[in-house]
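Participant: Below is a structure I'd like to ask you about.
The values are calculated or read from the model by the stated rules, or taken from the named source; none is laboratory data. For clarity, every value in this text was computed on a predicted model and none was experimentally measured. Here Cβ is always computed from backbone atoms with ideal geometry, including for glycine, and neighbour counts include all displayed protein chains.
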């Protein structure tokens with residue numbers, strides 16, 4: 001029913017938003033007679049705002065065509081390293097010239113993007129900052145409404161399985177970075193590989209703003225999950241993909257519901273942002289207006305999550321707290337093993353939280369240190385980014401200027417650690 005209402009809404013709004021876009025262009029075009037009428041700038045701004053409030057937002061491009069390495073511009077090619085029904089593992093390959101051939105030995109970083117309603121392009125700034133000094137891979141999750149039902153379900157355990165597969169493919173000289181929700185399945189994957197004694201363990205894992213233990217400093221997001229029964233979520237937020245999409249018949253948690261929830265958390269901020277956008281257009285402040293467009297082009301582009309994955313996450317992470325309670329069992333290599341973070345001994349751990357994070361509260365990510373008790377203290381680090389919200393941890397000025405330099409230093413330190421160990425073995 002939810003999807004049917006959404007499709008009816010889209011059918012009504014699409015002609016209106018298309019008309020508003022056309023009118024905005026007519027008032028903005030200097031060759032149009034409407035551009036010289038009184039209040040033309042206000043009319044243009046009003047029509048563009050109407051268009052953007054009502055339009056349907058598609059997944060943006062990453063647009064990372066080049067980077068700068070040692071002062072030289074280097075072309076970046078976006079390639080699919082591994083393709084799975086629900087995820088593509090992307091490689092942002094730096095096409096290094098001969099003079100920079102030595103930079104192929106830069107640390108390899110696998111970034112796990114969240115599967116929580118937004119596309120992996122939300123981490124564009126994360127990847128952009130990593131590229132000059134790292135070989136970068138990223139999980140690009142596929143909108144569940146685009147996955148044919150014949151590909152079967154996708155559970156939280158399957159997410160862990162994807163993590164294990166990707167780590168094994170790229171390891172062992174690998175550094176992991178997980179942003180928000182994937183901190184939980186990534187820790188599970190590393191724990192399971194440690195329990196098995198797998199030689200392809202990564203060198204380090206950086207965990208940013210994730211709900212390792214969501215009982216600490218619970219936020220509105222956490223309270224929503226705990227104040228309703230599991231059955232309530234099944235009945236009220238799960239719907240079936242309509243026939244017009246490749247995933248017709250698949251049960252999903254629709255992205256438009258997730259988006260509505262995020263907007264409802266900070267309505268005043270979003271209202272103020274759209275009012276500022278209108279005034280910027282009227283004043284002709286095109287740089288500020290373009291900044292608004294870029295942010296909301298990304299923020300408003302959402303994807304559907306498989307219902308079984310979403311419900312597993314509600315139960316496992318937010319209601320039963322299986323990871324911190326030591327009661328989570330996951331299938332791997334034909335066995336079902338308990339997720340035991342205490343088995344991790346050789347993977348360095350860096351946790352990062354935002355002081356103003358209203359999605360993953362203070363201490364939720366730091367809880368990883370209490371679980372990974374056998375990682376030596378010298379190989380652990382924690383950072384609280386002051387005056388930083390959830391998105392500021394991995395995007396924007398504070399990520400680039402404050403957080404990234406510490407992430408880079410941490411990765412380099414543990415890349416050198418493994419290099420020294422190998423040198424001793426060779427001797």
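Yes or no, residue by residue, for (1) in a strand (DSSP E or B); (2) touching a residue at least 24 places away in the same chain (Cβ under 8 Å); (3) in the same structural domain as residue 116 (by TED's automatic domain parsing); (4) farther than 15 Å from residue 309 by Cβ:
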| position | (1), (2), (3), (4) |
| --- | --- |
| 210 | no, yes, yes, yes |
| 213 | no, yes, yes, yes |
| 216 | no, yes, yes, yes |
| 222 | no, yes, yes, yes |
| 235 | no, no, no, yes |
| 242 | no, yes, no, yes |
| 247 | no, yes, no, no |
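Participant: Could you grab me the full set of residues in segment 189-202 that are touching a residue at least 24 places away in the same chain (Cβ under 8 Å) and over 22 Å from the mean Cα position of the chain (by Cα)?
Facilitator: 192, 193, 194, 195, 196, 198, 199, 200, 201 - these are the residues of segment 189-202 that are touching a residue at least 24 places away in the same chain (Cβ under 8 Å) and over 22 Å from the mean Cα position of the chain (by Cα).
Participant: Hey, does segment 230-247 have a residue that's out of contact with any strand residue (DSSP E or B) (no Cβ under 8 Å at 6 or more places or on another chain), buried (at least 19 other Cβ atoms within 10 Å of the Cβ), modelled with pLDDT of 90 or more and within 19 Å of residue 317 (Cα to Cα)?
Facilitator: Checked segment 230-247: at least one residue is out of contact with any strand residue (DSSP E or B) (no Cβ under 8 Å at 6 or more places or on another chain), buried (at least 19 other Cβ atoms within 10 Å of the Cβ), modelled with pLDDT of 90 or more and within 19 Å of residue 317 (Cα to Cα).
Participant: Of the residues that sit in segment 390-427 and are surrounded by fewer than 16 Cβ atoms within 10 Å (Cβ to Cβ) and in a loop (DSSP other than H, G, I, E, B), which one is modelled with the highest pLDDT?
Facilitator: 396
Participant: A further question follows. Being surrounded by 24 or more Cβ atoms within 10 Å (Cβ to Cβ), at pLDDT 95 or above, closer than 28 Å to residue 366 by Cα and within 18 Å of the chain's Cα centre (by Cα), is that true of even one residue in segment 95-110?
Facilitator: Yes, the conditions are met somewhere in segment 95-110.
Participant: Sticking with this one: Among the numbered criteria (1) without any contact (Cβ under 8 Å) to a residue 24 or more places away in the chain; (2) assigned to a loop (DSSP other than H, G, I, E, B), which single criterion is violated by residue 154?
Facilitator: Failing condition for residue 154: (1).
Participant: Please tell me if residue 172 is out of contact with any strand residue (DSSP E or B) (no Cβ under 9 Å at 6 or more places or on another chain), surrounded by fewer than 19 Cβ atoms within 10 Å (Cβ to Cβ), closer than 30 Å to residue 239 by Cβ and in contact (Cβ under 8 Å) with a residue 12 or more places away in the chain.
Facilitator: Here the answer is no, as residue 172 does not meet what is asked.
Participant: Hey, another quick one. Quick one: in segment 120-148, of everything that is out of contact with any helix residue (DSSP H, G or I) (no Cβ under 8 Å at 6 or more places or on another chain) and farther than 21 Å from residue 258 by Cβ, which residue is surrounded by the most Cβ atoms within 10 Å (Cβ to Cβ)?
Facilitator: My answer is 127.
Participant: Does residue 160 meet the test of being more than 21 Å from residue 359 (Cβ to Cβ) and either part of a helix (DSSP H, G or I) or touching a helix residue (DSSP H, G or I) at 6+ places or on another chain (Cβ under 7 Å) (or both)? It would help to see each step written out before you state the result.
Facilitator: On the way: more than 21 Å from residue 359 (Cβ to Cβ): yes; either part of a helix (DSSP H, G or I) or touching a helix residue (DSSP H, G or I) at 6+ places or on another chain (Cβ under 7 Å) (or both): yes.
Taking the combined requirement at face value, the residue satisfies it.
Participant: Moving to a separate point now. Select, from 274, 270, the only residue that is in contact with a helix residue (DSSP H, G or I) (Cβ under 8 Å, 6 or more places away or on another chain), free of Cβ contacts under 8 Å to residues at least 24 places away in the same chain and surrounded by fewer than 18 Cβ atoms within 10 Å (Cβ to Cβ).
Facilitator: Just one listed residue meets the conditions, 270.
Participant: So residue 156 clears everything in (1) surrounded by 22 or more Cβ atoms within 10 Å (Cβ to Cβ); (2) in contact with a strand residue (DSSP E or B) (Cβ under 8 Å, 6 or more places away or on another chain) except one condition, right? Which one?
Facilitator: (2)
Participant: Inspect all residues belonging to segment 249-257 and state whether any of them is exposed (fewer than 14 other Cβ atoms within 10 Å of the Cβ) and more than 23 Å from the chain's Cα centre (by Cα).
Facilitator: Here is the first cut: in segment 249-257, the ones exposed (fewer than 14 other Cβ atoms within 10 Å of the Cβ) are 249.
Still in the list and also more than 23 Å from the chain's Cα centre (by Cα): 249.
Yes, that holds for at least one residue.
Participant: Taking residue 293, is it in contact (Cβ under 8 Å) with a residue 40 or more places away in the chain and more than 26 Å from residue 210 (Cβ to Cβ)?
Facilitator: Yes; evaluated as a whole, the condition is true for this residue.
Participant: Restricting attention to segment 179-195, does a residue exist that is closer than 30 Å to residue 73 by Cβ, assigned by TED's automatic domain parsing to the domain that holds residue 101 and crowded, with 24+ Cβ neighbours inside 10 Å? If you could, list the steps in order and put the result at the bottom.
Facilitator: The first filter runs over segment 179-195 and keeps only residues closer than 30 Å to residue 73 by Cβ, leaving 179.
Applying the additional criterion that residues be assigned by TED's automatic domain parsing to the domain that holds residue 101 yields 179.
So of that shortlist, the ones also crowded, with 24+ Cβ neighbours inside 10 Å come out as 179.
Checked segment 179-195: at least one residue is closer than 30 Å to residue 73 by Cβ, assigned by TED's automatic domain parsing to the domain that holds residue 101 and crowded, with 24+ Cβ neighbours inside 10 Å.
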